[in-house]
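**Q** If you scroll down you'll find the structure; I have some questions about it.
The values are calculated or read from the model by the stated rules, or taken from the named source; none is laboratory data. These numbers come from a predicted model, not from an experiment. Note that each Cβ is placed from the backbone with ideal geometry, even for glycine, and that neighbours are counted across all protein chains shown. Ligands, DNA and RNA are excluded from the accessible area calculation, which covers all protein heavy atoms including side chains. Shrake-Rupley method; radii C 1.70, N 1.55, O 1.52, S 1.80 Å.
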Amino acid sequence: MEYPEVRETDPAVADALAGEVQRQEDTLAMIASENHVSEAVLEAQGSALTNKYAEGYPGARYYAGCEYADAVEELAIERAEELWGAEHVNVQPHSGTQANMAVYLAVLDPGDRILSLELEHGGHLSHGHPANFTGQLFEVEQYGVDPETGYIDYEALAEQADEFDPDIIVSGYSAYPREVEWERIQTVADAVDAYHLSDIAHITGLVAAGVHDSPVGVADFVTGSTHKTIRAGRGGIVICDEEHADDVDAAVFPGGQGGPLMHNIAGKAVGFGEALEPEFEDYAQQVVANAEALAESFADNGFEIVSGGTDTHLVLVDLRESHPDTSGGDAEEALADAGIVLNANTVPGETRSPFDPSGIRAGTPALTTRGFDEADCREVGDLIHRVVDNVDDESVIAAVRERVGELTDENPLYR
Ligand code: DSN
């Protein structure tokens, strides 16, 4: 990708744009929330719809000239409804956090109670962290995973809900490798007369493809990101039944946002269209098969894996037993030098700091997009282990970097 127009007017930005494409070509994107969208999605997101203000919804906008904005948003909605089997989808949230905000605005008042998973157990900032608006506006208690198994402790959650009496229970996570039992959480929510928000940001694509059970039709609200496993334009969505549709729509606009990012909604429409093709199911199955292969390779190399494996697109490694002198941050930095880009992550029972935690989180959505299979992912697991074993050894890092270059050359992205 050359960006000739930008290069003509702004070479410094053109250098950064071209540099980013090259960086993505030459490295392994293993941040579990990242993916590589198609050139069609990129083109839609770079379209002239970025110029258009379209406050409101299709057919009921506050500005003239919205006929193409309407067309694109209607397509995004229709396709999303088909993908997730939903009665109502709002495709305007600028991000997953904005989608969550809309749900809270729709059904909670300040001071109401949220019960959600702890961040260090795999939760998300927008589920009630003190540094986030959710932690500042609402009363929050958090549940955890069973420290022995790494699985959600559903029984402890039920007891905690009974004592805390939340207004909403949040399920769906950012660093939880196991299948979530939505019905069990819905049963808890029903027992305490709470709403249930299921935030499937990470697994939108796995749910759409039927590779992970769906919370749609189970939870009152389902939110998601549109650029992770579903591989569409950047942003968020809210899914709900007709019963809550007006409240959710009003909470997105005018409640929490102004003009929708119509170019991103075009990218969502294109990506959702791609995900409706039969090949997307193969892709989603391969994402999980690749994560399982990665987990096996990690286990064979002696890494301790939170929950002992994965059912999803990500693997969470706790380095404390196998590499007590190596923090997640040390590993992240050495791996980035070797061309493997993943993130340091907190682990259940974290004993370091969130800024330099004890674990690493590795995901397979982006590698799968560029064609990696189980054998490739087993090899990547070996490479990651080699680097983590030798974070200060530049010759090992250089050797892994060279092999990463061969793997990326064999599996090109945007060339
Ligand atoms: N930043 C995303 C993640 O990495 O999980 C969540 O918003």
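**Q** Given the options His263, His212, His244, name the one that is touching a Ser or Thr at 6+ places or on another chain (Cβ under 6 Å) and touching a residue at least 40 places away in the same chain (Cβ under 8 Å).
**A** His263
**Q** Hey, can you tell me all the residues within the range 309-334 that are over 21 Å from the mean Cα position of the chain (by Cα) and touching a residue at least 12 places away in the same chain (Cβ under 8 Å)?
**A** Leu319, Arg320, Glu321, Ser322, His323, Thr326, Ser327, Asp330, Ala331, Glu333, Ala334
**Q** Still on this structure, I have one more. Is it the case, given these coordinates, that Met30 is within 16 Å of the ligand (Cβ to nearest atom) and among the aliphatic types (A, V, I, L, M)?
**A** yes
**Q** Enumerate the pairs (first residue in the range 115-128 and more than 14 Å from Asn100 (Cβ to Cβ); second residue anywhere and within 11 Å of the ligand (Cβ to nearest atom) and open to solvent by less than 30 Å² (accessible area, probe 1.4 Å)) with beta-carbon separation below 7 Å, excluding pairs fewer than 6 apart on the same chain, so at least 6 apart or on different chains.
**A** Pairs found: Gly122/Tyr173; Gly122/Ser174; Gly122/Ala175; Gly122/Tyr176.
**Q** In the range 77-102, what count of residues is obtained for those that are outside any loop (DSSP other than H, G, I, E, B), aliphatic (A, V, I, L, M) and either open to solvent by 30 Å² or more (accessible area, probe 1.4 Å) or in contact with an Asp or Glu (Cβ under 9 Å, 6 or more places away or on another chain) (or both)?
**A** The number of residues fulfilling the criteria is 5.
**Q** Among Asp199, Asp165, which is the only one that is within 16 Å of the ligand (Cβ to nearest atom), among the acidic types (Asp, Glu), within 19 Å of Ile114 (Cβ to Cβ) and touching a residue at least 40 places away in the same chain (Cβ under 8 Å)?
**A** Sole residue among the options that is within 16 Å of the ligand (Cβ to nearest atom), among the acidic types (Asp, Glu), within 19 Å of Ile114 (Cβ to Cβ) and touching a residue at least 40 places away in the same chain (Cβ under 8 Å): Asp199.
**Q** Also, quick follow-up: Looking at the range 120-159 only, could you name the residues that are under 20 Å from Val188 (Cβ atoms) and within 16 Å of the ligand (Cβ to nearest atom)?
**A** His121, Gly122, Gly123, His124, His127, Gly128, Thr134
**Q** Shifting gears a bit: Within the range 340-360, which residues are of a type in the set (A, V, I, L, M) and closer than 28 Å to Ala398 by Cβ?
**A** The answer is Ile340, Val341, Leu342, Ala344, Ile360.
**Q** Working only within the range 289-308, note down all residues that are of a type in the set (Gly, Ala, Ser) and either at positive phi or surrounded by fewer than 18 Cβ atoms within 10 Å (Cβ to Cβ) (or both).
**A** Ala289, Ala299, Gly302, Ser307, Gly308
**Q** Now for a different question. Against the condition modelled with pLDDT under 95 and open to solvent by 60 Å² or more (accessible area, probe 1.4 Å), how does Glu2 come out, does it pass?
**A** So Glu2 fits the description; yes.
**Q** Give the residue, chosen from Ser47, Ser38, that is touching a residue at least 12 places away in the same chain (Cβ under 8 Å), within 18 Å of the chain's Cα centre (by Cα) and surrounded by fewer than 19 Cβ atoms within 10 Å (Cβ to Cβ).
**A** Result of the check over Ser47, Ser38: Ser38.
**Q** Check whether at least one residue in the range 258-267 is within 21 Å of Ala209 (Cβ to Cβ), out of contact with any strand residue (DSSP E or B) (no Cβ under 8 Å at 6 or more places or on another chain) and assigned to a loop (DSSP other than H, G, I, E, B), and report yes or no.
**A** Within the range 258-267, none of the residues are within 21 Å of Ala209 (Cβ to Cβ), out of contact with any strand residue (DSSP E or B) (no Cβ under 8 Å at 6 or more places or on another chain) and assigned to a loop (DSSP other than H, G, I, E, B).
**Q** I'm checking my understanding of the structure. Among residues of the range 333-361 that are farther than 16 Å from Gly123 by Cα and within 13 Å of the ligand (Cβ to nearest atom), which one is most open to solvent (accessible area, probe 1.4 Å)?
**A** Per the criteria, the residue is Val341.
**Q** Sticking with this structure for a sec: Does Pro110 satisfy being open to solvent by less than 20 Å² (accessible area, probe 1.4 Å) and part of a loop (DSSP other than H, G, I, E, B)?
**A** no
**Q** Looking only at the range 1-35, count how many residues are without any contact (Cβ under 8 Å) to a residue 24 or more places away in the chain and of a type in the set (Gly, Ala, Ser).
**A** Residues flagged as without any contact (Cβ under 8 Å) to a residue 24 or more places away in the chain and of a type in the set (Gly, Ala, Ser) within the range 1-35 amount to 5.
**Q** If we only count strands (runs of 3 or more DSSP E) wholly inside the range 126-223, which ones have 1 or more residues that are surrounded by fewer than 18 Cβ atoms within 10 Å (Cβ to Cβ)?
**A** Result: 139-143.
**Q** Would you call Leu105 open to solvent by 60 Å² or more (accessible area, probe 1.4 Å) and within 13 Å of the ligand (Cβ to nearest atom)?
**A** no
**Q** Right, another one. Let me confirm something: among Glu78, Glu43, which residue is out of contact with any Pro (no Cβ under 8 Å at 6 or more places or on another chain), closer than 23 Å to Leu206 by Cβ, more than 16 Å from the ligand (Cβ to nearest atom) and charged (D, E, K, R)?
**A** None of the others qualify; the one that does is Glu78.
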